[in-house]
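The values are calculated or read from the model by the stated rules, or taken from the named source; none is laboratory data. Predicted model only: the values in this text are computed from it and were never measured. Methodologically, a virtual Cβ is constructed for each residue, glycine included, from the backbone with ideal geometry; neighbour enumeration extends over all protein chains shown.
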Amino acid sequence: MRILIADTFPDHAVAALRRDGHEVSYQPDTTADALPDTVRGQDALVVRSTKVTAEAIAQSDLSVVIRAGSGTNTIDCDAAIEHGVAVCNVPGRNAVAVAELTFALLLALDRNIPDAVTDLRAGRWDKKRYATARGILGRRIGVVGLGQIGLAFAERATAFGAHVYAVAKSNRPRHQTDRARAAGVNFVDSIETLAETCDVLSFHVPATSDTRHLVGRDLLARVQPGSFVLNTSRSDVIDEDALIEAMDTKGIRAGLDVFDDEPGQSTGTIDSALARHPNVYGTHHIGASTEQAQHAIADEVVHMIQEFERGRLPHRVTPEPLAYAGPS
């Protein structure tokens, strides 16, 4: 197979694909704008953050696009379906990495760590200001989304002595509910109750029509003044204008790894009023960016391509094409 890898990818996995006899084009600096030309003639495309537009899909000969991560909102799946291109993801392999970053943002907010570092580097000593943390023990933390990332975060929060809450759902898989209860998660009846009960809300949901602007004015009106909002999932989850308004009027603070209008490549510039807000501690969409997570994801991508050659395709997120039944 001819495989284009249009994002950073571990050397050992690139070598493994080549040992399997594939023709691998490794171009980690590919931009979304350049992808339509770069992808021509390729059978498979592997991406992390590079956006895959309808134009790129339409101009390609692709059979499959693999998102080396869990979300596929950066891929035009409708165009892929239209052109018969399968789209797959790699779920779960980055769960611990994202949970760790989420908890790091929580600790940074509680202890004002970024500001403290900035002051020290500038020669300013202000122990009085930075000795006012509440601590995590006994905090009420609401987790929205109990997939593998949300569960991993919940387990770490309870280990720190926090009281963790989530919304009860009748259709939640039994294994998720059992793991949540084992982690000490308490269930409430609605996200509105969660917002009113907790002083930290952490979001771990996919980007869908149901989750778009889930954190909007209605929900933020129920959030207690001075609460923390954490989002390491997708930027669509937050109505940025509404959050800025709530931070200005209610003293809410936020730890965020995702923002609207992020650059389409790993380096660039971002003009974000939310990222600049003094109540925000932000990171550069790096939740899954640990060596452990990226090696695990890369190994699974290699396995998926091996399976694809055998006629199987794990973790497919677009529907299988309908079999032709012949004339009636």
Original post:
Is there any pair with a first residue in the range 158-178 that is at pLDDT 95 or above and a second that is among the charged types (D, E, K, R) and assigned to a loop (DSSP other than H, G, I, E, B) whose Cβ atoms are under 6 Å apart and which are 6 or more apart or on different chains, and what are they?
Top reply: Ala162/Arg139
**OP:** Out of the residues in the range 280-291 that are without any contact (Cβ under 8 Å) to a residue 60 or more places away in the chain and buried (at least 19 other Cβ atoms within 10 Å of the Cβ), state the one that is farthest from Ser233 (Cα to Cα).
**Re:** Val280
Original post:
Looking only at residues in the range 274-317 that are hydroxyl-bearing (Ser, Thr, Tyr) and touching a helix residue (DSSP H, G or I) at 6+ places or on another chain (Cβ under 6 Å), which one is modelled with the lowest pLDDT?
Top reply: Thr290
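Mind telling me which of the residues Arg111, Arg124, Arg129 ends up being of a type in the set (D, E, K, R), without any contact (Cβ under 8 Å) to a residue 12 or more places away in the chain and over 30 Å from Ala68 (Cα atoms)?
Arg124
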**OP:** For the range 289-302, indicate whether the set of residues that are within 17 Å of Asn94 (Cβ to Cβ) and hydroxyl-bearing (Ser, Thr, Tyr) is non-empty.
**Re:** yes
**OP:** Return only the number of the condition from (1) part of a loop (DSSP other than H, G, I, E, B); (2) modelled with pLDDT of 95 or more; (3) more than 22 Å from Ala195 (Cα to Cα); (4) β-branched (Val, Ile, Thr) that Val223 does not satisfy.
**Re:** (3)
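Does Ala68 satisfy the condition of being under 25 Å from the mean Cα position of the chain (by Cα) and buried (at least 18 other Cβ atoms within 10 Å of the Cβ)?
In short, yes.
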Subject >> Condition met for Ala242 (within 22 Å of Asp115 (Cα to Cα), at pLDDT 95 or above and surrounded by 14 or more Cβ atoms within 10 Å (Cβ to Cβ)) >> reply: no
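Every residue, every condition in (1) in the same structural domain as Asn112 (by TED's automatic domain parsing); (2) farther than 22 Å from Pro206 by Cα; (3) modelled with pLDDT of 95 or more; (4) out of contact with any strand residue (DSSP E or B) (no Cβ under 9 Å at 6 or more places or on another chain), yes or no:
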{"residue": "Leu230", "(1), (2), (3), (4)": "yes, no, yes, no"}
{"residue": "Asp248", "(1), (2), (3), (4)": "yes, yes, yes, yes"}
{"residue": "Leu256", "(1), (2), (3), (4)": "yes, no, yes, no"}
{"residue": "Ile270", "(1), (2), (3), (4)": "yes, yes, no, yes"}
{"residue": "Pro319", "(1), (2), (3), (4)": "no, no, no, yes"}
{"residue": "Ser328", "(1), (2), (3), (4)": "no, yes, no, yes"}
Original post:
Only one of (1) surrounded by fewer than 18 Cβ atoms within 10 Å (Cβ to Cβ); (2) within 30 Å of Ala154 (Cα to Cα) is not met by His83, so which one is it?
Top reply: (2)
**OP:** Please identify the pairs in which a residue from the range 202-213 that is touching a residue at least 12 places away in the same chain (Cβ under 8 Å) and at positive phi has its Cβ atom under 9 Å from the Cβ atom of a residue that is buried (at least 16 other Cβ atoms within 10 Å of the Cβ) and part of a loop (DSSP other than H, G, I, E, B), counting only partners at least 6 apart or on another chain.
**Re:** His213/Asp239
**OP:** Return the residue satisfying two criteria in turn: it lies in the range 201-237 and is of a type in the set (Asp, Glu) and over 13 Å from Phe259 (Cα atoms), and of such residues it is farthest from the chain's Cα centre (by Cα).
**Re:** Asp218
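Take the conditions surrounded by fewer than 23 Cβ atoms within 10 Å (Cβ to Cβ), in contact with a Phe, Trp or Tyr (Cβ under 7 Å, 6 or more places away or on another chain) and not polar (S, T, N, Q) and apply them to Arg174. Does it pass?
no
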**OP:** Return yes or no: is Ala195 in a loop (DSSP other than H, G, I, E, B) and in contact (Cβ under 8 Å) with a residue 40 or more places away in the chain?
**Re:** no
